[in-house]
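Asker: The following block contains the structure, expressed as structure tokens.
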Amino acid sequence: MANFGEKEVFRITPELGKYYAWAESTRRIGIWPNEKRFAPTEKVIYVGKLINISQGGWGDGSWRTDTFLDKETKTLVHFSYGGDTCFIEVPCK
């Protein structure tokens, strides 16, 4: 259960054309596949519509960076090595 000041976030793979809020999870409870992740509410950031996915490498050297667009502001989200990059699918603002 989320503590006061925390929001549940999810390790989902964003899809092109959908809208998201992003955060790096700071707390986990449970064990995969029933694990829940949480981030401080003030660290959950609306990033907008996913417009581009860049990825490369393989194994420990793999990487992914997603580009989001909110009005005229682009935000790059680099997926963390530790797997803490999380999202919430949200309606368009």
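Asker: Are there any pairs, at least 6 apart or on different chains, whose C-beta atoms fall under 7 Å, with the first in region 7-20 and among the charged types (D, E, K, R) and the second in a loop (DSSP other than H, G, I, E, B), and if so, which?
Answerer: Short answer, once both residue conditions are applied: Lys7/Val44; Glu8/Ala2; Arg11/Gly83.
Asker: Still on this structure, I have one more. Any residue that is among the hydroxyl-bearing types (Ser, Thr, Tyr), crowded, with 17+ Cβ neighbours inside 10 Å and within 12 Å of the chain's Cα centre (by Cα) - is there at least one of those in region 22-42? It would help to see each step written out before you state the result.
Answerer: Narrowing region 22-42 to residues among the hydroxyl-bearing types (Ser, Thr, Tyr): 25-26, 41.
Now drop any that are not crowded, with 17+ Cβ neighbours inside 10 Å, which leaves 25.
When the remaining residues are screened for being within 12 Å of the chain's Cα centre (by Cα), the result is 25.
Within region 22-42 (the criterion being among the hydroxyl-bearing types (Ser, Thr, Tyr), crowded, with 17+ Cβ neighbours inside 10 Å and within 12 Å of the chain's Cα centre (by Cα)), the answer is yes, since at least one residue qualifies.
Asker: Free of Cβ contacts under 8 Å to residues at least 60 places away in the same chain and surrounded by 16 or more Cβ atoms within 10 Å (Cβ to Cβ): which single residue out of Leu76, Leu50 fits that description?
Answerer: Details: Leu76 fails: surrounded by 16 or more Cβ atoms within 10 Å (Cβ to Cβ).
Among Leu76, Leu50, only Leu50 is free of Cβ contacts under 8 Å to residues at least 60 places away in the same chain and surrounded by 16 or more Cβ atoms within 10 Å (Cβ to Cβ).
No lab work stands behind these numbers, since they all come straight from the coordinates. Everything quoted here is computed from the prediction, not taken from an experiment. No Cβ is skipped: glycine too gets one built from the backbone with ideal geometry, and neighbour counts run over all protein chains shown.
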